[in-house]
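*Asks:* Pasting a structure here, questions to come.
The values are calculated or read from the model by the stated rules, or taken from the named source; none is laboratory data. What you see is a predicted model; the values in this text were computed from it and never measured. Neighbour counts run over all protein chains shown; Cβ positions are idealised from the backbone, glycine included. All accessible areas refer to the heavy atoms of the entire protein, side chains included, with ligands and DNA or RNA removed. Shrake-Rupley method; radii C 1.70, N 1.55, O 1.52, S 1.80 Å.
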Amino acid sequence: MENENTSAPLSAELLEQVKLLKRGAQSVVPDNGLEQKLARSASTGKPLKIKLGLDPTAPDIHLGFAVVLRKLRQFQDLGHQVIIIIGDYTALIGDPSGRSATRPMLSAEAVHANAMTYVDQLARILDRDKTVVRFNGEWLGKLDFAQLVQLSSKFTVARIMEREDFANRFSQHLPISLHELLYPLAQAYDSVAIEADVEMGGLDQTFNILAGRDLQEKEGQDPQIALFMPLLVGLDGVKKMSKSLGNYVGIAESPDVMFGKLLSISDTIMRDYFVLCTDVSLEEIDKLIKQAESGEVNPKDVKRRLAREIIDIYHPPFTAEDGSLVSLSARADEEWHRVHAAGQAPADMPETVLSDDLFADDTIWICKLLVAAGMAKSNGEAMRLVQQGGVSLNGDKVTDSKANVSRTIVDNAVLKVGARRFARLILAS
RNA sequence: GGGGAGAUACCCGAGUGGCCAAAGGGGACUGACUGUAAAUCAGUUGUGUAACACUUCAGAGGUUCGAAUCCUCUUCUCCCCA
């Protein structure tokens with residue numbers, strides 16, 4: 001309706017770009033903003049500035065986070081500029097209970113160290129040469145109190161309290177510290193500082209990104225486009241993927257681990273994973289999902305395909321010295337079947353070295369063994385595991401929680417707990 | 001500034017002198033069924049080689065034969081009023 005005075009129709013090439021960039025996106029605000037920005041960039045020859053803000057407190061990258069990064073990579077491949085903003089300053093002032101005066105200084109360094117490992121990990125997905133990294137302390141640190149007051153006068157309390165998590169916490173009588181209200185302002189100010197054209201984020205960033213648009217407009221800038229990617233659901237199929245919930249696949253994890261984790265996701269979220277985590281075409285994805293749903297193909301095999309597609313991205317196939325192509329995803333697939341279909345021990349498993357003092361009369365109590373191997377937190381937990389039939393040694397189920405195992409049996413043995421936890425036991429010598 | 005409520009195990013949450021190692025849910029783990037899916041069912045979920053003992057209910061003291069429960073102080077949170 002209100003598009004009557006928008007620019008001329010886009011070229012076929014730009015339409016193609018828009019289609020690619022919108023793949024998997026949850027929403028773009030405003031609707032046709034991306035088209036306009038791209039068209040302007042094409043006509044002026046100026047690359048767009050694509051902003052992503054990062055909190056430097058948790059330097060681990062998993063598939064959920066990779067969704068956004070992969071989208072950034074697409075922008076890079078189309079010639080645009082990606083600006084990663086490390087929220088060093090927001091993280092510094094963010095600690096709700098900074099007790100001593102020395103602590104902020106320490107964490108300043110920790111923040112910086114975290115940020116650097118972050119950048120290293122980002123390079124796994126982004127084109128490092130086309131990525132600009134900036135710390136928001138660069139401009140936030142220069143604001144004096146008067147400027148902060150000025151900045152905060154541009155937002156009302158009611159407006160800030162619209163943010164979902166604030167509203168929720170408020171209605172549940174949970175504490176909200178005053179400084180937390182400044183977060184959206186700080187993030188919005190970041191957009192002004194770098195004159196962002198597009199800000200990427202998960203849907204949980206809605207408020208902050210839109211605040212950026214407001215502020216840019218008030219500062220006389222062309223407001224940034226908000227490009228929201230959905231939050232990838234975690235392995236449990238319910239909550240968002242996050243490390244703290246333990247329902248994640250890290251992009252630096254081994255092919256074997258990735259394969260196992262991906263094969264354990266719910267059928268219902270396979271499609272999302274295909275769309276957001278792989279480059280398989282949407283047409284083919286629809287076909288695969290349809291086949292799985294109709295029973296034409298075992299859903300498990302579709303999931304295998306998914307796992308292999310994802311593994312190929314983070315552990316790409318390479319050419320060996322003899323000229324043959326080595327596919328790590330294929331290896332992981334084979335390994336999985338060897339272990340879980342054929343019931344054999346995995347080729348690689350964590351090793352536990354057992355020191356002499358664990359043994360008495362050349363035997364060791366099974367529960368002690370489990371604790372030593374890190375497979376149980378306490379003897380009590382170990383006993384329960386044994387009693388529940390979850391423990392086996394060299395393929396033989398251990399049924400007696402009081403059993404003592406002789407040294408010779410333990411040497412080089414495979415200890416298994418539950419369906420998927422293995423350890424190789426090695427005697428110290 | 002004044003008044004009131006609260007802090008319980010991974011999380012939520014019952015418990016207001018002994019029957020409390022602490023209900024119920026969620027989560028997690030183990031087993032069965034499977035496709036290491038989901039759903040479902042059963043069991044486990046403070047520590048100790050364990051029908052006994054030990055350490056836990058924000059922190060520190062106290063009352064009592066006996067405290068998560070009562071008292072005092074401290075820390076933190078929420079609500080109402082100003």
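*Asks:* Hey, any idea what the orientation-averaged projected area of the convex hull of chain A's Cα atoms comes to, in nm²?
*Replies:* 29.3 nm²
*Asks:* Starting from the Cα-Cα distance between A:E219 and A:V326, subtract it from 0.36 nm times their residue separation and give me the gain in nm to one decimal.
*Replies:* Details: separation 107, 0.36 × 107 = 38.52 nm, distance 5.40 nm.
So the chain would gain 33.1 nm between A:E219 and A:V326.
*Asks:* Continuing with this model, one more query. Compute the helix-to-body angle for A:63-77: its Cα long axis versus the longest principal axis of chain A, expressed 0 to 90° and rounded to tens.
*Replies:* Computed tilt is about 50 degrees.
*Asks:* Next up: May I ask you to list the lysines whose Cα is less than 16 Å away from that of A:K22, ignoring any residue fewer than eight positions away on the same chain?
*Replies:* Those lysines meeting the cut-off are A:K37, A:K71.
*Asks:* Separate question: Hey, what's chain A come to in accessible area per residue, 1.4 Å probe, Å²?
*Replies:* 53 Å²
*Asks:* Shifting gears a bit: Each label point is 7 Å from the Cα along the Cα-to-Cβ direction; what then is the distance between the points at A:T156 and A:S171, in nm?
*Replies:* Each label point is offset 7 Å from its Cα along the Cβ direction, giving 2.0 nm.
*Asks:* Over the residues of the stretch A:147-270, compute the C-alpha Rg and express it relative to 2.2 N^0.38 Å.
*Replies:* Values: Rg = 18.3 Å, N = 124, 2.2 N^0.38 = 13.7 Å.
With N residues counted in the stretch A:147-270, Rg over 2.2 N^0.38 Å equals 1.33.
*Asks:* Rg and Dmax of the stretch A:12-229, using alpha carbons, in Å: what are they?
*Replies:* 17.6, 59
*Asks:* Moving to a separate point now. In square angstrom, rounded to the nearest 10, how much accessible surface does A:W139 have for a 1.4 Å probe?
*Replies:* A:W139 has an accessible surface of roughly 30 Å² with all protein chains in place.
*Asks:* If you don't mind, another one. Rank these by accessible area, largest first, 1.4 Å probe: A:R421, A:R338, A:R163.
*Replies:* A:R421, A:R338, A:R163
*Asks:* Rounded to whole Hz and in sequence order, give me ³J(HN,Hα) for the stretch A:17-34 from the Karplus expression 6.51 cos²θ - 1.76 cosθ + 1.60, θ = phi - 60°, writing x for Gly and Pro.
*Replies:* 4, 4, 4, 4, 5, 8, 4, x, 5, 7, 6, 10, 10, x, 3, 9, x, 5
*Asks:* Which entries in the list A:K218/A:K239; A:K243/A:K287; A:K243/A:K290; A:K51/A:K240; A:K243/A:K303 go over 27 Å, if you measure between the two C-alpha atoms of each?
*Replies:* A:K218/A:K239; A:K243/A:K287; A:K243/A:K290
*Asks:* How far, in nm, would the chain grow between A:L181 and A:Q388 when pulled straight, counting 0.36 nm per residue and subtracting the alpha carbon separation?
*Replies:* Extending this stretch completely gives an extra 69.6 nm.
*Asks:* Heavy atoms only, probe 1.4 Å: what % of the accessible area of chain A goes to carbon and sulfur, would you let me know?
*Replies:* Heavy-atom surface of chain A belonging to carbon and sulfur, 1.4 Å probe: 52 percent.
*Asks:* Enter the per residue convex hull volume of the stretch A:255-341, computed from alpha-carbon coordinates, in Å³ rounded to the nearest integer.
*Replies:* 105 Å³
*Asks:* Calculate the FRET efficiency for A:D144 and A:L427 from the Cβ-Cβ distance with a Förster distance of 60 Å, rounded to the nearest 0.05.
*Replies:* Working: r = 65 Å, r/R0 = 1.09.
About 0.35, to the nearest 0.05.
*Asks:* Quick one: Cα convex hull volume of the stretch A:203-296, Å³ per residue?
*Replies:* Measuring per residue, one finds 147 Å³ for the Cα hull of the stretch A:203-296.
*Asks:* Quantify how much of the Cα-Cα distance distribution of the stretch A:351-427 extends past 20 Å, in percent.
*Replies:* I get 17 percent for the Cα pairs in the stretch A:351-427 exceeding 20 Å.
*Asks:* Convert each backbone phi in the stretch A:265-276 into a coupling constant with the Karplus relation 6.51 cos²θ - 1.76 cosθ + 1.60 (shift: θ = phi - 60°), then list the ³J(HN,Hα) values in order as whole Hz, x for Gly and Pro.
*Replies:* 6, 5, 4, 5, 9, 4, 4, 4, 5, 4, 5, 8
*Asks:* Still on this structure, please answer the following. Using only alpha carbon pairs under 8 Å that are at least six residues apart, calculate the relative contact order of chain A and give it in whole percent.
*Replies:* 13 percent.
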